[in-house]
Amino acid sequence: MTNAEFEYKKEGITGLTKKRIMTLKGDAFVQTYMQSLDVNVDQESVRDLFERIRQIKPRNRSNPVPSGIPQDNSSYPTSAEVEFVEQEFNPNTPIASYTHLGEERIFTAGDYFDWLKTIPLEEARNRTMASVGRALRNQVFFEAGLVQDIENDPIVEYNMDYRSKFYKTYLVKEYLSEQPVPDIPIEEQKAAFRGMDMNAGKSRTFSGWVITADSFKAAQEIKNAIQAGKSSPDSYPNYEYHKGADVRKVYALQSHVFRAPLNKTVVANSGEAFYVMNVSERDMQRVEFEEVQDQVIERMSKYYNVVKEIQELRADAEISVDTTAFESLMKHFDDPSLQGRRLP
């Protein structure tokens, strides 16, 4: 990074550093705070929770979760899944006891279920004890906040209103995604097939040779020597010849194989490595729509009702874009490094 780039990014780097420090100190504070509560867990109740939650079948889709709820690639329990677990439990069943704010308290199954939709399903299924700890932590800080009367704080009121809109949206999307999906027109299926890039090549092969070089300068010298007839490709120690090979055998060069002009010796770069290559043949067999139609319908069905509802609402709405604010935002994020440009 040049000095000019550093000065340009200094404010952002400072912000990220402060955020990292706050995260580390926050984690340490939470750990110390929770260790002071003298928590005793009812192992039998947690074991019963584990057995019940394990009956929920794992799934591949990711439920959208409201703003403010931890986001990752895991699926979160739906309302129906939470209700499924609740059916087997008395909400007053003790899960853990702890001492907080000068009094002994009981963390119940009902309290756990209140937080369950904010916990990744895989964590609840496979690490139930950890999920109980996460829910208890949420409950403890909720109680501490009430004592501080934070529900009447203007910032809290704003955030509650703001995030409740996301939560209501989430509930509507969840409801729509669980409703029966009508027959999806074939034209929409094919458009989704292309839009989801499911028509990508299923078989890509090529013939040609590749020589790995130590630097761009070395690669350029090898190329010039071969083109001038001063040396042959197979005279170099890092020479490899491929005949009808799967393009994945040259993983770093996959994109170059299908872009390079045929029967031309060229220099290619991937990461920090440099190559001299010559592609004589290449072939790509694409996936046909009929081969994966069932998969297309399956993937579309998860979101079809939601998308249709949004399209109908959008068609009836009057939408105006504040172009001045939008352009100002784009200018604010005009980071040359993100666009492959360097500052002068």
- With no solvent and one point per C-alpha, what does the Debye sum give as log10 I(q)/I(0) for the stretch 136-236 at q = 0.20, 0.22 Å⁻¹? -1.10, -1.15
- Query: In Å, the Kirkwood hydrodynamic radius of the stretch 201-286 over pairs of distinct alpha carbons?
  - Reply: 13.0
- Message: Give me a comma-separated list of calculated 3J(HN,Hα) values for the stretch 229-246, in order, Karplus coefficients 6.51, -1.76, 1.60 applied at θ = phi - 60°, integers in Hz, x for any Gly or Pro.
- Response: x, 7, 8, 9, x, 6, 7, 9, x, 9, 6, 9, 10, 10, 10, x, 8, 5
- Give me the orientation-averaged projected area of the Cα convex hull of the chain, in nm², one decimal. 27.7
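Kirkwood-based Rg over Rh for the stretch 289-339 (C-alpha set), two decimals?
Result for the stretch 289-339 is an Rg/Rh of 1.25.
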- Short version: ³J(HN,Hα) in whole Hz for each residue of the stretch 26-40, in order, from phi by Karplus 6.51 cos²θ - 1.76 cosθ + 1.60 (θ = phi - 60°), x for Gly and Pro, what are they? x, 4, 5, 5, 4, 4, 5, 5, 5, 5, 7, 8, 6, 7, 10
- Item | Amide H contacts under 5 Å for A96, placed H, 5+ residues apart | D42, F107
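So if R0 is 30 Å, what FRET efficiency would E309 and K190 give, r being the distance between their Cβ atoms, rounded to the nearest 0.05?
Approximately 0.85, to the nearest 0.05.
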- Pairing the Cα long axis of helix 216-227 with the longest principal axis of the chain, what angle in degrees results, from 0 to 90 and rounded to the nearest 10? 30
- Task: Any chance you could give the angle, 0 to 90 degrees and rounded to 10, that helix 154-177 forms with the longest Cα principal axis of the chain?
- Result: 70
- Message: Angle check, please: helix 304-316 long axis (alpha carbons) against the longest principal axis of the chain (alpha carbons), in degrees 0 to 90, nearest 10.
- Response: 90
- Across the stretch 288-301, in residue order, what do the Karplus-derived ³J(HN,Hα) couplings come to in whole Hz, using 6.51 cos²θ - 1.76 cosθ + 1.60 with θ = phi - 60° and x for Gly and Pro? 8, 3, 4, 5, 10, 4, 4, 5, 4, 4, 4, 6, 5, 4
- Answer in debye to the nearest 20: the dipole magnitude of the chain about its Cα centre, from +1 Lys/Arg and -1 Asp/Glu charges placed on Cβ, is 1960
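No value in this document is a laboratory result; all are computed from the given coordinates. Just so it is clear, the structure is predicted and the values come from calculations on it, not from any experiment. Neighbour counts are summed over all protein chains in view; Cβ atoms, including those assigned to glycine, are modelled from backbone coordinates with ideal geometry.
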